[in-house]
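The values are calculated or read from the model by the stated rules, or taken from the named source; none is laboratory data. Owing to the predicted nature of the structure, the values given are computational and were not obtained by experimental measurement. Positions of Cβ are generated from backbone atoms using ideal geometry, with glycine treated the same way; all protein chains shown enter the neighbour counts.
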Amino acid sequence: MSDGGGAPPAGGPGAGPATPAATTPAGAGPAAPAGAGPGARRLFVLLKVAPRPADVYFSASRAAVDATNAEREIGFSDRTALEVARILALEAAAGGGAGAGGAGAGGAGVGAGTAATQTVEVAALSWGPAADEKVLRAALATGATRLLHITTPLDEAAAADPLVVASGLAAALGRGEPWLVLCGDESADESRGAVGPMVAALLGWPFIGGVVRAKWAAGGADGAGGAATLEVEAEEGPNLVSYVVRPPVVLAVNRHGPAPKAASPLQLMKAFRQPVDRLEVEVAAPALKVRSLATTEVKRRLNEPIPGAAEDALAMLWAKLRERRVI
Amino acid sequence: MPDTRIIGELCDGCGECVRACPFFAVDVVDGKAALAESCADCGICAAACPQGAVAVPGGAAGTGPARGAAGRGAWVWAGGDAAGEIDPDAAAVAAAARAAVEVEGEPVAAVLPWEPAGGAAALATLGVDEVIVIPGGDQPAAVAAALAAALAAEKPRLLLGSAGAAARRAVAGAAALAKVAFAAGVLELEVSGAGAEFTRLIYGGRFTARVSAAVPVACTLDRRAYGRPRAGGGAPPLRTLEVAAEGGAATGAESGGSVTRRKVGPLTQAVPLAEARMVLAGGPHLAPAQGAAEAFALLERTARALGGAAACDRQAAEAGLVGGVPVVDAASGATIAPDVYIALGLEGSPTHNGAVARAKVVVAVTQNDAAPIMTGADYVISAEPMAVLQALAKMAGVA
């Protein structure tokens, strides 16, 4: 869940899933996971369901894009963020601190030890049409213990404004007593990464983007002296930077984090029987107005052949690139 | 309902307000202006009305986006990732900011959360009229809160940041706190009067959206929107702006959360694909299947040695040829905008070509004259892709 833009709400409310769901009216009651214990550390993962870009076309009038028949999906980075949360929760349960993240790290290497006294729960939070619940239930099958779904309708202008989306998410998080918030660095339809830092600013929390790894520091989920900390690695330009993080904090995970887990059919069947907490939030007035849409202009290219065998052609190419000041 | 009102006795139905409104919220009905529900009370129509026939409510600040209350000039976020650092792209963003506001001769200032480690010499490279230091510490929340308070105090018309992570963190965070319109990845930007229009990519780069908003506006720029930095010039004047976060805005200290930057090292892999200036991409025809693993390993090493990143197309990934090399494909939202994109042994599907449409220069290395990548390339080398990769590796000093 990293962008406000791009994905307008799917047309129509659709048929809701035939599974239990509870709705929390605007401003009423906390959105905290129902099963959370009093001392639980709540990890919230923000998920954005968006139409697959390849399935989106211009409408016949060319005044709007048509995503009616597009397959909707949770973005890869968002699913990576969920995997980071899942591994942190697994490690906490095992009392280990082997780390969540890194390509291929998976859940392997969970350290042995005494289980933490602190329960760690993973709640997925998303904002979108009720029909998206079918997609979002995959999160329940791949690590989330709760699914919170903001179903307040968003019109196209509001959905395209990251500030509107971030404000609603921050309001919902404010009611959920989160300890750590994870999101993807880029969404399925855009790759702008605006919502994460905005949510962090609205909550008054620190933010780190480009996260590829997170693990419990000494003391695991219980922490040393009761204050649990995380060790986080993030990609910043050409550098890999290590942070010591004391939550609450917002972490945006990029696509180089641990590979998202695929749900088995049995896990999906179980997920479809789990309840969904439906929430409503206030929708702020959008500040952006979409005036027109166009297909991306395809840049006119030179199509200049470079003759010669490999080494000669490469030397000539490099001279041309220098001439154009791109190397 | 909007609080803005049309004074019917004064309105002559000239339509200036209709043309000025960035929200399409005004129309002329029966010879008089009429406001729609979508009116944002921004006041732009009032400023445009030659008859003074629009009454805008006062005291609305703080209840919604702080629109229509901008002062002058553009600010460029120039803070880097670590204390004392300057964003390496700040000068290019400053050049873009100057182009956006130069029509009205407004100043461009660089804003930083700290005095740069490089001193006056570092500031001289920015090409700005002024440097403003807004002390915010090293905690991201505090930096964003201080910047938001400074925006409210000085009301620049524009706040721009680069495509880098530090700028995104500060500019997006400050825009959220100051309730200023924000857009990321802006390709083109125009500021005129009290409104701004910009173009951004949506749906994996398949479409562009032209978006408008009332100033002040905060944006992070796509690399293609960068300007050419001004050469020369002395160090601009520097002032420190001490501001208190307004309205109890959180600064991070209250939450108890903190981040401590501990250790910096080079990436074990090449530069992240999205940030790479040079990308070497391999396709299914880079090498025969039995040699593909070695070929893509060489591709990665060569890309790293050239300071860039390796990539592949979806066809190579789905054939299981590429190991962990990331895919470039608009269908999955993986679009890139490097300075140089070299495609080796790659056909160029429509979604692949769409994903690299923003590259400054595309080079195709293929022996297939009918490959779609040929028409989307600036330079075409009709040599054996693997031979060209080996020549590149040799040139880059890769064993």
(request) Check off (1) within 22 Å of residue A:256 (Cβ to Cβ); (2) surrounded by 21 or more Cβ atoms within 10 Å (Cβ to Cβ); (3) touching a residue at least 40 places away in the same chain (Cβ under 8 Å) for residue B:339 and give me the number that stays unchecked. (result) (2)
(message) I'm trying to understand the selection: among the residues of segment B:357-376, which are assigned to a loop (DSSP other than H, G, I, E, B) and either in contact with an Asp or Glu (Cβ under 6 Å, 6 or more places away or on another chain) or closer than 21 Å to residue B:287 by Cα (or both)?
(response) B:360, B:366, B:367, B:368, B:369, B:370, B:371
(request) Working only within segment B:170-208, note down all residues that are of a type in the set (Ser, Thr, Tyr) and assigned to a strand (DSSP E or B). (result) B:192, B:199, B:208
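Restricting to segment B:258-273, what's the tally of residues that are crowded, with 20+ Cβ neighbours inside 10 Å, at the interface with chain A (Cβ under 7 Å from one of its Cβ atoms) and at pLDDT 75 or above? Walk me through how you get there before you give the answer.
Taking segment B:258-273 as the starting set, the residues that turn out to be crowded, with 20+ Cβ neighbours inside 10 Å are B:258-259, B:269-273.
Remaining after also requiring at the interface with chain A (Cβ under 7 Å from one of its Cβ atoms): B:258-259, B:271-272.
Keeping just the survivors that are at pLDDT 75 or above gives B:258-259.
Residues flagged as crowded, with 20+ Cβ neighbours inside 10 Å, at the interface with chain A (Cβ under 7 Å from one of its Cβ atoms) and at pLDDT 75 or above within segment B:258-273 amount to 2.
Give A:232, A:241 a once-over and let me know the one that is in a strand (DSSP E or B), more than 7 Å from every other protein chain (Cβ to nearest Cβ) and of a type outside the set (Lys, Arg). Give the steps one after another, and end with the answer.
Values: A:241 fails: more than 7 Å from every other protein chain (Cβ to nearest Cβ).
After ruling out the rest, the residue left standing is A:232.
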(request) Being among the charged types (D, E, K, R), within 7 Å of chain B (Cβ to nearest Cβ) and part of a loop (DSSP other than H, G, I, E, B) narrows it down to one of A:177, A:186, so name that one. (result) A:186
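Every residue, every condition in (1) at pLDDT below 85; (2) at negative phi; (3) in the same structural domain as residue B:86 (by TED's automatic domain parsing), yes or no:
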| site | (1), (2), (3) |
| --- | --- |
| B:166 | no, yes, yes |
| B:208 | yes, yes, yes |
| B:239 | no, yes, yes |
| B:250 | yes, yes, no |
(request) Report, ordered by the first and then the second residue, all pairs with beta carbons closer than 7 Å, sequence separation of six or more or different chains, a first member in segment A:75-104 that is among the polar types (S, T, N, Q), and a second member that is modelled with pLDDT of 90 or more. (result) A:77/A:184; A:77/A:253; A:80/A:184; A:80/A:253
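Out of segment B:279-313, which residues are surrounded by 19 or more Cβ atoms within 10 Å (Cβ to Cβ) and in a helix (DSSP H, G or I)?
If the condition is that a residue be surrounded by 19 or more Cβ atoms within 10 Å (Cβ to Cβ) and in a helix (DSSP H, G or I), then B:292, B:295, B:296, B:298, B:299, B:300, B:302, B:303, B:304 are the ones that fit.
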(request) Would you mind finding the one in A:180, A:169, A:154, A:148 that is on the phi < 0 side of the Ramachandran plot and at pLDDT below 90? (result) A:154
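Restricted to segment A:291-322, and to residues that are assigned to a loop (DSSP other than H, G, I, E, B) and over 17 Å from residue B:359 (Cβ atoms), which residue is nearest to the other protein chains (Cβ to nearest Cβ)?
Initial filter on segment A:291-322 (assigned to a loop (DSSP other than H, G, I, E, B)): A:296-303, A:307-309.
Within this subset, residues satisfying the condition of being over 17 Å from residue B:359 (Cβ atoms) are A:307-309.
Details: A:307: 8, A:308: 8, A:309: 6 Å.
In this case the residue turns out to be A:309.
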(request) Could you check how many residues of segment A:248-275 are under 18 Å from the mean Cα position of the chain (by Cα) and at pLDDT 90 or above? (result) 6
(request) Give the number of residues within segment A:205-227 that are more than 17 Å from residue A:256 (Cα to Cα) and buried (at least 24 other Cβ atoms within 10 Å of the Cβ). (result) 6
(request) Go through (1) touching a Leu at 6+ places or on another chain (Cβ under 7 Å); (2) farther than 23 Å from residue A:309 by Cβ one by one and return the number of the condition residue B:299 breaks. (result) (2)
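From the list A:266, A:288, exactly one residue is hydrophobic (A, V, I, L, M, F, W, C) and facing another protein chain (nearest Cβ under 7 Å). Which is it?
Values: A:266 fails: facing another protein chain (nearest Cβ under 7 Å).
A:288 is the lone residue from the list that is hydrophobic (A, V, I, L, M, F, W, C) and facing another protein chain (nearest Cβ under 7 Å).
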(request) Name the single residue, out of those in segment A:274-285 being closer than 30 Å to residue B:42 by Cα and touching a strand residue (DSSP E or B) at 6+ places or on another chain (Cβ under 9 Å), that is farthest from the other protein chains (Cβ to nearest Cβ). (result) A:280
